[in-house]
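Heads up, the thing below is written out as structure tokens.
The values are calculated or read from the model by the stated rules, or taken from the named source; none is laboratory data. From a predicted model like this one, the values you see are computed outputs, not experimental measurements. Note that we place each Cβ from the backbone using ideal geometry, even for glycine, and neighbour counts take in every protein chain shown. The protein model used for the area step is the full one, side chains on, heavy atoms only, and it has no ligands, DNA or RNA in it. Shrake-Rupley method; radii C 1.70, N 1.55, O 1.52, S 1.80 Å.
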Amino acid sequence: MENKKLSRRTFVNLISASGIGAALPISAFSIIPGKTNNKINIGVIGTGNRGTSLLRGLLAIENVEVPALCDIDKNKLDNAIKICKDAGRKEPEGYTGDEYSFKKLMERDDIDAVIIATYWEWHTPMALYAMKQGKYPGIEVPAALSLEECWALVNTSEETGIPCMMLENWSFRKDNLAVLNMIRKGLLGNIVHSHCAHSHDCIDHWFFDPKDGHQRWPAKYLINYNRDQYPTHSLGPILSWMDINCGDHIEQIYSCATASTGINSYFKRRFGDDHPNTKLKYKQGDIVTSTLKTKNGKTIILNYDMQLPRPYDNRWMVQGTLGIYNEQRDAVNIASRSPEYHEWEPFRPYEEEFMHKWWKDHNTEDGHGGVDGLELELSQG
Ligand SMILES: NC(=O)c1ccc[n+]([C@@H]2O[C@H](COP(=O)([O-])OP(=O)(O)OC[C@H]3O[C@@H](n4cnc5c(N)ncnc54)[C@H](O)[C@@H]3O)[C@@H](O)[C@H]2O)c1
């Protein structure tokens, strides 16, 4: 790809078409101490699928430089270096060799921020090291795997004064931000209850290799744990809708999992009885349902649903004293406005009327790329 000097609109369209993008702390670049120009130097750690998507998005922004990349896999690293050269950019320095090579990248004086798109277990350790080196980390989801890791991120950010952002792109969707606007303007009244799910069959391509079924790195989590493995895409927008950690907070969580049958069923169907993964025991239940209750009495129903055959779904719903939004129906009912008191009406006119200011300059189609592009745009201040 040629290195083009893109307008904001062109950039977002490009991102939308290619399904790529990234995010960094929204106001981070404008407040980096000692910055005398608006050039931002970003290192990318983990140049696999998501990392290279994010990299392409960064390369499309004229005031972003990518001086260094890191991956334990030399082929992945070389591929990412080629992406930079093909974009007409200066060849970045590559760091590889062992799992701690990222430290050398983070110790460079010329790096302002890092994108971390590695395996889950590396997210928190890498972000902690970045902050200690004075680098702004943008961490792919999930940012942390335990309460201890969450507190380590918060405490280190406070100690170092370095902001740290989890790259939860679904919070930036056009529909979800319009709903946030409606809630802030009081259309739904006091928020009482919501639903959400990450319903995305990832057994046939992400947890396991689609060709021969061998275990990719996330498979170990299905073998060793029974939990909601990936809650951030579903929960992200809800946390804003419900003012979580902004006047309210989660006080109770009760989670319940079904038996684990879907992964074995997939392997039997696809690879037959003799494949080792057909007989393997997985701790992870097929569907996990969590009920969360906030201090102010709101409730959330959250589903993990990533290992049964099904189309993609998020099932967002939010309900208040004056109205309800339902993403699956693409509909609302607002007591003070809807023509029929108990009938659904289409959401799209509301999305237009209450479009968030961040989306007003962006005529991209809704979708992964458009959302990621908005995040990238915002990160440029
Ligand atoms: N926000 C989204 O929409 C979205 C979409 C897909 C994936 N993700 C997240 O992105 C992350 C990466 O997922 P992926 O699908 O790109 O996986 P991937 O396997 O394609 O890429 C991960 C890369 O990290 C590298 N890596 C692992 N440990 C490393 C270390 N210590 N040092 C340097 N490199 C290391 C691997 O070699 C690999 O190239 C995951 O956290 C995933 O949850 C987010």
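Here the stretch 288-301 is the region considered, the condition is being open to solvent by 30 Å² or more (accessible area, probe 1.4 Å) and not in a loop (DSSP other than H, G, I, E, B), and the residue that is nearest to Ile191 (Cα to Cα) is Thr299. In the set Arg227, Arg184, only one residue is more than 12 Å from the ligand (Cβ to nearest atom) and more than 21 Å from His356 (Cα to Cα); that residue is Arg227. On the stretch given as the stretch 38-68, residues that are out of contact with any strand residue (DSSP E or B) (no Cβ under 8 Å at 6 or more places or on another chain) and more than 15 Å from the ligand (Cβ to nearest atom) total 5. Restricting the stretch 119-131 to residues that are open to solvent by 20 Å² or more (accessible area, probe 1.4 Å) and more than 10 Å from the ligand (Cβ to nearest atom), the residue that is nearest to Asn41 (Cα to Cα) is Tyr129. Residue under question is Ile253, and the condition is that it be over 18 Å from Leu280 (Cα atoms), open to solvent by 10 Å² or more (accessible area, probe 1.4 Å) and away from the ligand (no atom under 16 Å from the Cβ); does it hold? Against the criterion (over 18 Å from Leu280 (Cα atoms), open to solvent by 10 Å² or more (accessible area, probe 1.4 Å) and away from the ligand (no atom under 16 Å from the Cβ)), Ile253 qualifies.
Within the stretch 209-216, one or more residues are closer than 18 Å to Val141 by Cα and either out of contact with any helix residue (DSSP H, G or I) (no Cβ under 9 Å at 6 or more places or on another chain) or within 16 Å of the ligand (Cβ to nearest atom) (or both).
The helices (runs of 4 or more DSSP H) found entirely in the stretch 171-287 that carry 3 or more residues being in contact (Cβ under 8 Å) with a residue 12 or more places away in the chain and small (Gly, Ala, Ser) are 232-241. Residues that are near the ligand (Cβ under 8 Å from one of its atoms), in contact (Cβ under 8 Å) with a residue 12 or more places away in the chain and either open to solvent by 10 Å² or more (accessible area, probe 1.4 Å) or aromatic (Phe, Trp, Tyr) (or both) within the stretch 99-118 comprise Glu99, Phe102, Ala117, Thr118, listed in sequence order. Hey, does the stretch 88-98 have a residue that's away from the ligand (no atom under 15 Å from the Cβ), under 20 Å from Pro163 (Cβ atoms) and open to solvent by less than 40 Å² (accessible area, probe 1.4 Å)? No, because not a single residue in the stretch 88-98 is away from the ligand (no atom under 15 Å from the Cβ), under 20 Å from Pro163 (Cβ atoms) and open to solvent by less than 40 Å² (accessible area, probe 1.4 Å).
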